[in-house]
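Participant: Would you mind keeping the following structure in view while I ask a few things?
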Amino acid sequence: MNNLSFGNLLRRPEAGAFLGLVGVLLFFVVFGSTKFLEPAGAASWLNVAANLGIIALPIGLLMIAGDLDISIGAMIPAGSMTVAVLSGYYDLPIWVGMFGALAFGLIVGLVNGYLVVHTAVPSLIVTLGTLFAVQGLMLGTSVLVTGTTSVALTADPWAKFLFGQFLAGSFQVIILWWVAITAIFIFFIHFSPYGNWIFAMGGDKVSARNAGIPTTRLTMVLFVLSAMSASFVGMCQAILFNSAQVSGGMTFIFNSIISVVVGGVLLTGGFGSVIGIFFGTITFAVVNQGIYFTTFDRNWSSLIIGVMLLVAVLMNNTFRQMALTYSPKKKK
């Protein structure tokens, strides 16, 4: 019963993220309008949250484990271009293009993981290198093969239904994928041994390895999940919008990191939760889109977004300190 007390709930990693989300929602309802929560308004920030959230989840796990992947900025357009070139330009079956997009993500993730594990180079530098390498590869290959940097794509009805349709006219179907993937991550991270292993890696990777945790394999898996998630989002965008471009995706790098940090994950690793990342992603999307439902001058939007996100991060830090300094009272 004590484990379910209000005080203990507040000390959980996702507590600050949830309260921050509630505060942000109330802010935009008060200074904006209730249209923000109506279907059309909710779709604007839920669509942003879903595309960002699928990438933020593995990025968050990497940060909990003490690593970081910024090559996602190139993997999103890479996933889009791969499926568009294979199934649009070459007119191969759509499943071939989709398989190619995910396979490319698998390869890049394995390369990132291998370099991080087998060299002394920090993951930030490794993935910075693959970021530019993949960008250059996509641009050069696209121009060489198609003669352009934009490729049209017409997906089969079943692919449109599963990956590129609007539900109720406004909600992207990727929202359902985001919720399902979040549920899977919650199970594996919070209800299986893998989660404890990842947290142990973030605390001290050497000690985790000495304790028998397969740190090398786990690191490889996390980088693969990150790259494939970004490629999956890019693939879905190409199917949804019937085209792909070599540009775009760079904003996802910082937006995903911000969402993860707002969700209560430490940049130094070893602390966080999947639910917190989920709430943090929604918070970022709400702040990012909510400004358009207010009467504030749009020229001040970046300042307002920055201040609100900073407040959310500080709130998370407060709850983290509460969790770290908490010691249960002994029963008399």
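The values are calculated or read from the model by the stated rules, or taken from the named source; none is laboratory data. Everything numeric in this text was worked out from a predicted model, so none of it was measured. Neighbour counts are summed over all protein chains in view; Cβ atoms, including those assigned to glycine, are modelled from backbone coordinates with ideal geometry. What goes into the accessible areas is simple: the full protein's heavy atoms, side chains included, and nothing from ligands, DNA or RNA. Shrake-Rupley method; radii C 1.70, N 1.55, O 1.52, S 1.80 Å.
Participant: As I understand it, the dipole of the chain uses +1 on the Cβ of Lys and Arg and -1 on the Cβ of Asp and Glu, about the Cα centre. Which of Thr294, Thr251, Thr182 lies farthest toward its positive end?
Facilitator: Value computed over the given set: Thr182.
Participant: To continue, here is another question. Just the number, please: carbon plus sulfur as a percent of the accessible area of the chain, 1.4 Å probe, no ligands or DNA/RNA counted.
Facilitator: The nonpolar share, carbon plus sulfur, comes to 70 percent.
Participant: Only Lys, Arg, Asp and Glu count, each charged at its Cβ (+1, +1, -1, -1), so figure out the dipole size of segment 181-332 about its Cα centre, rounded to 20 debye.
Facilitator: 780 debye
Participant: If you count only protein heavy atoms with a 1.4 Å probe, what accessible area per residue comes out for the chain, rounded to a whole Å²?
Facilitator: 48 Å²
Participant: Can you pull the accessible area of Ile107 for me, 1.4 Å probe, Å² to the nearest 10?
Facilitator: Ignoring ligands and nucleic acids, Ile107 comes out at about 100 Å².
Participant: Next up: Can you give me the pair-distance distribution of the chain, C-alpha pairs, 20 Å bins, whole percents?
Facilitator: 31, 56, 13, 0
Participant: Please identify the helices of the chain, taking whole runs of DSSP H, that span at least 24 Å along their own axis as judged from the Cα atoms and have a mean Kyte-Doolittle score of 0.5 or higher.
Facilitator: 13-31, 39-64, 94-118, 123-146, 215-241, 301-325
Participant: I want to check the label-to-label distance for Lys160 and Val179. Put each point 7 Å from Cα in the C-beta direction and report it in nm to one decimal.
Facilitator: Modelled inter-label distance: 2.4 nm.
Participant: How big is the Cα convex hull of segment 32-139 in projection, averaged over all directions, in nm²?
Facilitator: It is 9.4 nm².
Participant: While we're on this one: Would you work out which of Leu110, Ala159, Val30 lies farthest towards the positive end of the dipole of the chain, given +1 charges on the beta-carbon of Lys and Arg and -1 on that of Asp and Glu, about the Cα centre?
Facilitator: Val30
Participant: Would you compute, from DSSP H runs of 4+ residues alone, the mean residue ellipticity of the chain at 222 nm, taking -39500 (n - 2.57) per run and dividing by the full residue count, rounded to the nearest 500?
Facilitator: Mean residue ellipticity, 222 nm, calculated: -23500 deg cm²/dmol.
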